[in-house]
Amino acid sequence: MTGKHRQVSIAEGGVDMALSKRVALAASWLVAGVGALTALAMISVVPGSASADTVAVGCRATARTDSHWGNGPTSGAVVVVTVTNTATTPATTWSVTWTLADGQRVVNAWNATVSTSGQTVTAVNLAWNGRLAPGASTTFGMQLAGSSSAPALSCSNNAVSPPSSPPVSSSPPGPEDVRVTEADTRTAVTLVLGQTLGVSLPSSYLPLTSTSPALTLVSSSGGYPTGQPLTALFRAVGTGSLDLSTVSDDPCFHTTPPCARPVLQWTVHVNVVPASPAGDVNLTQAANRTTVNLVVGQTLGVSLPANYRPFTSVNPALTLVWTTGGYPTGQPLRVLFRAVGGASFDLYTQTDTACNHDPTPCPGPYQPWTVRINTLYPPPSR
């Protein structure tokens, strides 16, 4: 056969097998038949897309060329790399390596620490984007000079995979429990411990981070300067309150002189609460039509089914600490109150259903829930 062949290498027991394009067509059959493989690396370049893919046990790295310019030594490109944890266990660190083409160099990079030794480049995670759940991914980017070709990547992480297992691709995380967008700035959301929060912002915003022990970053992609929409997924891992915030950025801010374009700030206040209230006194649906006495300073937890409306009118003697769920969220109603003054009043809510709001409402009856609350000041100490 005449002409040049692009070589693909598969390592098995330390022996490299060089495969031509014709042999590579049968690579999937060969891999399926060799059960002794403990690591498999596949590099594929899609004509016209300038992308490179590498899959190893537990890790996948994909390069996408967002833009390129020039030819030969004057050429360059902006490349975005997506790193995915393909293991069945979480990873806390990842590393991507590749070899520079002749005359190619890394001008700058973002969302990763990038170092060069000779022609070998290594990118490792930052503190905020190293933790990846099974199936989760994050991105980093770089500007290359001297060549517009996308790099052929190798990826590794510290996820623990079963020995002698082929690469396993887990499904990405399911839909988030709560989603916020740019329009939700300066609002507050409540998460139950274990729930997830999805964030979707325009590409001009800087990637989000969380320094609170109550909220951990699961995955993040896009944002300035990648040119891609910013998406992030967080998980509530501890109780507490925090402000999740970021600002917009623009290339003109980094010129001399910088432009006068305003910087946009986005902030959402997040409350992470326990799955069930932990008050000094706790009430359920069975407490309907009972009386409860609270001493000022004590807390009252209420747990009701999802078809009950959130409490909207409460006596000033009982302040709302946090609330989540209730109709129409489809989540159980969970509320925590604190007694702050002396009074006697009814704490009231009722059930609701979507058909009650149809043009012709359904005849389903409302079910009220009422508890008589007495809040008392403690007796004076002697």
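Taking each residue as 0.36 nm, the span from Asn158 to Thr113 lengthens on full extension beyond its C-alpha to C-alpha distance by 14.5 nm. Between Thr99 and Asp280, residue separation times 0.36 nm minus the direct Cα-Cα distance comes to 59.0 nm. Summing charges over neighbours of Thr216, with a neighbour being any other residue whose Cβ is under 9 Å away from its Cβ, gives +2 when K and R count +1 and D and E count -1. The modelled label-to-label distance for the pair Ala306/Ser203, using points 7 Å beyond Cα in the direction of Cβ, is 3.7 nm. Each Lys and Arg contributes +1 and each Asp and Glu -1, all at the Cβ; summed about the Cα centre of the stretch 270-358, the dipole is approximately 140 debye. Over the stretch 61-131, the hull volume per residue, using the convex hull of the C-alpha atoms, is 93 Å³. Residues whose amide H falls under 5 Å from that of Gln298, counting only those 5 or more places apart or on a different chain, are Ala339, with hydrogens built in the peptide plane.
Checking the a/c ratio against 1.5 first, then a/b against b/c, what shape does the Cα gyration tensor give for the stretch 181-318? Since a/c reaches 1.5 and a/b is larger than b/c, the shape of the stretch 181-318 is classed as prolate. If R0 is 45 Å, the Cβ-Cβ spacing of Cys259 and Thr89 corresponds to a FRET efficiency of close to 0.45. 3J(HN,Hα) along the stretch 276-285, derived from phi through the Karplus expression 6.51 cos²θ - 1.76 cosθ + 1.60 where θ = phi - 60°, amounts to 9, x, 10, x, 5, 10, 10, 10, 10, 4 Hz, with x in place of Gly and Pro.
Derived scalar couplings between HN and Hα for the stretch 100-112 equal 5, 5, 4, x, 8, 8, 8, 7, 7, 8, 9, 6, 6 Hz in order, rounded to whole Hz, by the Karplus curve 6.51 cos²θ - 1.76 cosθ + 1.60 (θ = phi - 60°), x for Gly and Pro.
With a Förster radius of 51 Å applied to the beta-carbon distance between Val296 and Cys355, the computed FRET efficiency rounds to 0.75.
Shown in residue order for the stretch 84-94 are the 3J(HN,Hα) couplings computed by the Karplus curve 6.51 cos²θ - 1.76 cosθ + 1.60 at θ = phi - 60°: 10, 7, 9, 7, 8, 10, x, 10, 10, 9, 8 Hz (x for Gly and Pro). Taking the square roots of 5 times each eigenvalue of the Cα gyration tensor of the stretch 343-382, largest first, gives ellipsoid semi-axes of 40, 7, 6 Å. In this structure, the amide hydrogen of Cys59, modeled 1.01 Å from its nitrogen in the peptide plane, lies closer than 5 angstrom to those of Thr86, counting only residues at least 5 positions away or on a different chain. Label-to-label distance, Thr185 versus Gln331, with points set 7 angstrom from Cα along the beta-carbon direction: 2.5 nm.
Coordinate-derived values only; no laboratory data. The model shown is predicted, which means the values in this text are computed figures rather than measured ones. Cβ sites come from the backbone with ideal geometry, for glycine too, and all protein chains shown count toward neighbours.
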